[in-house]
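For reference, the structure is listed below as structure tokens.
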Amino acid sequence: MNVHAVVYTPDGVERYDELDAAVSAPGETWIHASAADPTAMNALSDRFGIHQLAVEDVLNEGTRPKTEEYETHTFVLMKTTQLSQRDEIEFHKEVQTSSVGFFIGEDWLVTMSTGVDAVIDPTAAEWDRNASRFADRGTDFLAYRIMDGIVDDYFDLLDEIEDDIEAVEEQVLEEPDPQILEVLNDVRRDLLAFRKTAWPAREAIAYLSRGDIPQVADANEKYFRDVYDHLVQVVDLIETYRDLTSGSRDIYLNTVSQSTNDVMKTLTVVATIFIPLTFVVGVYGMNFADSPFAMPELYWTYGYPAVMIGMAILAGMLLVHFRRQNWI
């Protein structure tokens, strides 16, 4: 596990190897634990009075984003997301999430993540460059910047999903394939999984923006409202893309149904033409030559060519009829 202890002051950035020294130093303290294991997290929670249930929520990937208040701090659970290739098959991707826990105190912030710091590192670098300017903003503002970065990544993920949906739509229109239906179902499942992350995250951020959290300064509430607005857009886009995938699925099913109808129409035309012809040859196949009731045509010199010509005329009349009906 990597633990970074940083204190931001008007004079700059100070880094500490010891947690106690970082906590006792004047300024805004940020402790971040990345790729944290349960033992290290428990040690960190004992130092800051973080509830064990909150630590378990960070470690449990199945926990939904949320906000909870405790006596000395406020706990916010967010999820980072990324779209990963699945089974090395085109369009087959899935949304993977990783938990990030925020523990916002009066002048300190503890963040815990179970994965990589692709989202947190850019914010940390920015604060290192502008420590003197950000020091008076408070650790709640630092938490906002990290959360805003997480939500911005949601839009990047949605852009990737949109590209996949457009590619699938083109394939549905150009060359329908049975595999497309499976791909569309996978995309819809990914959007549903993403919705389960974005929807509760919206409620968690709304909690921070209402002015009910003592650890969030009044001047910083508007920033959390901005993140909330972004999450509203994310949820709306998810619903829009789900409608698009449903529409693509309907187009595919209609295309397959239309193709089936065309095949059945062709078979119906062929069967309709051959049914009377089969009846004619069946009747004339009953050649009881020795019977007084035998058909006189059997003894007619031109009987066979006459029947063939009649069958050809009958078939031609049926073809003309179906042509007029736009069946062929």
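The label-point distance for residue 217 and residue 162, in a model that sets each label 7 Å from Cα toward Cβ, rounds to 3.5 nm.
Please compute the Kirkwood hydrodynamic radius over segment 165-256, one decimal place, Å, based on all pairs of different Cα atoms. Write down the numbers at each step before the final one.
Numbers: mean 1/r = 0.0660 Å⁻¹.
Every distinct Cα pair counted, the radius reaches 15.2 Å.
Shape class for segment 203-289: prolate, because the ratio a/c of the largest to smallest gyration tensor axis (alpha-carbon atoms, square roots of eigenvalues) is 1.5 or more and a/b beats b/c. Compute the long axis of helix 178-209 from its Cα atoms, compare it with the longest principal axis of the Cα atoms of the chain, and write down the angle in degrees, 0 to 90, nearest 10. For helix 178-209, the angle is close to 30 degrees. Note on the chain: dipole from Cβ charges, positive end direction compared against 149, 8, 240; the farthest Cα belongs to 240. Cβ-Cβ distance of residue 25 and residue 257, R₀ of 45 Å, FRET efficiency by 1/(1 + (r/R0)^6): the value works out to about 0.05.
Which of the peptides 7-18, 256-267, 22-33, 238-249 is most tightly packed, and how do the rest follow, judged by the mean count of other Cβ atoms within 10 Å per residue? Walk me through the numbers before you get to the answer.
Numbers: 7-18: 14.8, 256-267: 11.1, 22-33: 19.0, 238-249: 17.2.
Ranked by mean Cβ neighbours within 10 Å, highest first: 22-33, 238-249, 7-18, 256-267.
On full extension of the chain, what length is gained from residue 185 through residue 322, given 0.36 nm per residue of separation minus the C-alpha to C-alpha distance?
On the way: separation 137, 0.36 × 137 = 49.32 nm, distance 3.95 nm.
Once the chain is fully extended between residue 185 and residue 322, it gains 45.4 nm.
Taking Cα atoms, how many degrees apart are the long axis of helix 303-324 and the longest axis of the chain, rounded to 10 and kept between 0 and 90? Result, in degrees: 30.
Express in nm, to one decimal, how much length is gained between residue 63 and residue 240 on full extension, taking 0.36 nm for each residue of separation and deducting their alpha carbon distance. If you can, show how the numbers build up before the last one.
Working: separation 177, 0.36 × 177 = 63.72 nm, distance 2.54 nm.
Length difference between fully extended and current span is 61.2 nm.
Whole number please: convex hull volume per residue of the Cα set in segment 111-221, in Å³? List each step's numbers first, then the result.
Values: hull volume 15.1 nm³, N = 111.
About 136 Å³ per residue, rounded to a whole number.
Quick note: the coordinates plus some simple rules give every number you see, no bench work behind them. Keep in mind that what you see is a predicted model, and the values were worked out from it rather than measured. Don't worry about glycine lacking a Cβ; one is built from the backbone with ideal geometry, like all the others, and counts go over all protein chains shown.
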